[in-house]
Amino acid sequence: MSMTREEIRDLCVKSLEEKMVGTKEKNVDNGNGFYRYFFTNFPDLRVYFKGAEKFTAEDVKKSERFDKQGQRILLACHLIANVYTNEEVFKAYVRETINRHRIYKMDPALWMAFWTVFTGYLGSTGSLTDQQKAAWMELGKEFNAECQEHLKNSNLPYVH
């Protein structure tokens, strides 16, 4: 089933209604919860979090660092979903995301893998339908394609 950009945007935005950013305890926990899920289910990726490589979900829960990082990741997902229908802004945001992450020397395959992690988190909290997951994965494919193109154009490692 093929979806329009508007349908994808609407489904992704809808899936984030219960994962709002903000300063209230519930909102902070939304973002921190992503990292608790991440650190529990993808422990091999902790290497990208200097100083937290051995953190457990309980360590993440008590960490102001991951409260803040959780807000950043949720904000990024809200933004990318909301600008999806504006293709040039979407692509520019993707390129800017790559530029901000260059210093971490991430495996370029992780740009697509992120969407599996993110939809897994949403699904684990009961915040995701199959149709919404398909929408996020479609958005993720396009996100990844722009990532790889920008990495290539920047003479950085990329997935061929």
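If you go through the range 5-35 and keep only what is of a type outside the set (Asp, Glu) and in contact with a Ser or Thr (Cβ under 9 Å, 6 or more places away or on another chain), you end up with Arg5, Ile8, Arg9, Leu11, Lys14, Ser15, Leu16, Lys19, Asn30, Asn32, Gly33, Tyr35. The lone criterion from (1) open to solvent by less than 60 Å² (accessible area, probe 1.4 Å); (2) at pLDDT below 95; (3) assigned to a helix (DSSP H, G or I) left unmet by Glu146 is number (2). Taking the numbered list (1) in a helix (DSSP H, G or I); (2) out of contact with any Cys (no Cβ under 6 Å at 6 or more places or on another chain); (3) crowded, with 17+ Cβ neighbours inside 10 Å; (4) in contact (Cβ under 8 Å) with a residue 24 or more places away in the chain in turn, Leu75 passes all entries but (3).
Table: residues versus (1) open to solvent by less than 70 Å² (accessible area, probe 1.4 Å); (2) more than 22 Å from Lys19 (Cβ to Cβ).
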{"residue": "Phe49", "(1), (2)": "yes, no"}
{"residue": "Ala57", "(1), (2)": "yes, no"}
{"residue": "Asn99", "(1), (2)": "yes, yes"}
{"residue": "Tyr104", "(1), (2)": "no, yes"}
{"residue": "Pro108", "(1), (2)": "yes, yes"}
{"residue": "Gln131", "(1), (2)": "no, no"}
{"residue": "Lys141", "(1), (2)": "no, no"}
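Conditions (1) hydrophobic (A, V, I, L, M, F, W, C); (2) over 16 Å from the mean Cα position of the chain (by Cα); (3) open to solvent by 30 Å² or more (accessible area, probe 1.4 Å), marked per residue:
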residue	(1), (2), (3)
Arg5	no, yes, yes
Lys19	no, no, no
Gly22	no, yes, no
Glu25	no, yes, yes
Gly31	no, no, no
Phe34	yes, no, no
Pro43	no, yes, yes
Arg46	no, no, yes
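Exactly one residue out of Lys61, Lys14 is within 18 Å of the chain's Cα centre (by Cα), charged (D, E, K, R), at pLDDT 95 or above and more than 21 Å from His101 (Cα to Cα): that is Lys14. Of everything listed in (1) free of Cβ contacts under 8 Å to residues at least 60 places away in the same chain; (2) part of a helix (DSSP H, G or I), the single unmet condition for Val21 is (2).
The values are calculated or read from the model by the stated rules, or taken from the named source; none is laboratory data. Small disclaimer: the values here were computed from a predicted structure and weren't measured. With ideal geometry, Cβ positions are generated from the backbone for all residues, glycine too; neighbour counts draw on all protein chains shown. The area values use the complete protein model at the heavy-atom level, side chains included, leaving out ligands, DNA and RNA. Shrake-Rupley method; radii C 1.70, N 1.55, O 1.52, S 1.80 Å.
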